[in-house]
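**Student:** Once you've had a glance at the structure underneath, I'll fire off some questions.
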Amino acid sequence: DNLPRFMCDVMLARLARFLRAAGYDTALAEDTMPDAHILGAAAHEGRWLLTVDRKIMEHKAAGGRTLLLPHGSLEAQAAALNAAFDLDWLTHAFTRCLVDNTPLHPATEEQIRTIPPDARRPGEPVTACPRCGRVYWRGSHFKRMQARLHHWQGLRSG
């Protein structure tokens with residue numbers, strides 16, 4: 001798969017979580033990083049920089065691999081991403097850790113036992129992050145995120 005890779009500025013932390021939920025390799029710039037370092041890191045890692053910061057666009061290095069997104073609305077940001085990349089929000093959904101971006105693995109029996117029994121249905125997939133240990137199952141949070149990804153998939157131009 002030749003999926004685009006992203007780096008979000010700190011103002012786009014919520015969007016970064018949804019891009020990770022959709023399965024996109026998405027880094028989050030640290031809020032203490034100067035603009036030039038953010039641009040350099042994104043370029044070095046082969047990532048598109050997603051930003052709401054108009055000032056960063058004044059840098060020479062911003063040309064070509066930086067997308068200025070609208071402030072505020074997650075919906076407007078998703079629409080702008082659809083227009084620029086025609087993203088597939090569903091095919092690779094829920095394959096990355098929402099916290100640290102690591103690809104998820106099937107959870108172990110021990111990890112599955114940490115989930116409250118009334119929180120999941122038997123037979124539904126349970127995944128875990130090999131880096132931070134966070135366990136993911138299809139609870140109410142999953143269903144809300146999935147509904148939003150489905151909505152954004154429906155807004156695609158194709």
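The values are calculated or read from the model by the stated rules, or taken from the named source; none is laboratory data. Here the structure is a predicted model, which is why all the values come from computation and not from measurement. Every residue, glycine as well, gets a Cβ built from its backbone with ideal geometry; the counts of neighbours run over all protein chains shown. Protein only, heavy atoms only, side chains kept; ligands, DNA and RNA dropped before computing areas. Shrake-Rupley method; radii C 1.70, N 1.55, O 1.52, S 1.80 Å.
**Student:** Can you work out ³J(HN,Hα) from phi for every residue in the range 92-105, in order, using Karplus 6.51 cos²θ - 1.76 cosθ + 1.60 and θ = phi - 60°, giving whole Hz and x for Gly and Pro?
**Tutor:** Whole-Hz 3J(HN,Hα) from phi for the range 92-105: 10, 4, 6, 10, 10, 5, 6, 8, 10, 6, 6, x, 7, 10.
**Student:** With r as the distance between the Cβ atoms of Glu58 and Ile115 and R0 = 35 Å, compute the FRET efficiency 1/(1 + (r/R0)^6) and round to 0.05.
**Tutor:** Calculated transfer efficiency: 0.15.
**Student:** Moving on. Taking 22 Å as R0, compute the FRET efficiency from the Cβ-Cβ separation of Glu45 and His92 and round it to 0.05.
**Tutor:** That gives a FRET efficiency of 0.75.
**Student:** Could I ask something else about it? Quick check: from the Cα gyration tensor, does the range 82-127 come out rounded (a/c under 1.5), prolate or oblate?
**Tutor:** Prolate shape, in that a/c is at least 1.5 and a/b is the bigger ratio.
**Student:** As a test question: what accessible area, to the nearest 10 Å², does Trp48 have when a 1.4 Å probe is rolled over all protein chains in place?
**Tutor:** Rounded to the nearest 10, that gives 60 Å².
**Student:** At 15 Å minimum axial length over the Cα atoms and a Kyte-Doolittle cut of -1.0, report the qualifying DSSP H helices in the chain, or say none.
**Tutor:** Answer set is 74-85.
**Student:** So what J values fall out for the range 50-55 if you push phi through Karplus, 6.51 cos²θ - 1.76 cosθ + 1.60 with θ = phi - 60°, rounded to Hz, Gly and Pro as x?
**Tutor:** 9, 8, 10, 8, 4, 5
**Student:** Give the long-range amide H neighbours of Trp48: residues separated by 5 or more places, or on another chain, with amide H under 5 Å away, using H modelled in the peptide plane at 1.01 Å from N.
**Tutor:** The list, which skips near neighbours in sequence, is Arg5, Phe6, Met7.
**Student:** Along its three principal axes, how long is the chain when you only count alpha carbons? Whole Å, largest extent first please.
**Tutor:** 53, 33, 29
**Student:** Amide H of Ala107 versus every other amide H placed in the peptide plane: which residues, excluding those fewer than 5 positions away on the same chain, fall under 5 Å?
**Tutor:** Residues meeting the amide H criterion: Val126, Thr127, Ala128.
**Student:** Once a ≥ b ≥ c are taken as the square roots of the eigenvalues of the Cα gyration tensor of the range 1-53, is the result rounded (a/c under 1.5), prolate (a/b larger than b/c) or oblate (a/b not larger than b/c)?
**Tutor:** Because a/c hits 1.5 or more and a/b fails to exceed b/c, the range 1-53 counts as oblate.
**Student:** Could you pull out every residue, at least 5 positions away or on a different chain, whose amide H is within less than 5 Å of the one on Thr102? Hs are placed 1.01 Å off N in the peptide plane, and Pro or chain starts have none.
**Tutor:** Cys97
**Student:** When the helix-only estimate is applied to the chain (DSSP H runs of n ≥ 4, each -39,500 (n - 2.57), divided by the residue count), what is the mean residue ellipticity at 222 nm, nearest 500 deg cm²/dmol?
**Tutor:** -9500 deg cm²/dmol
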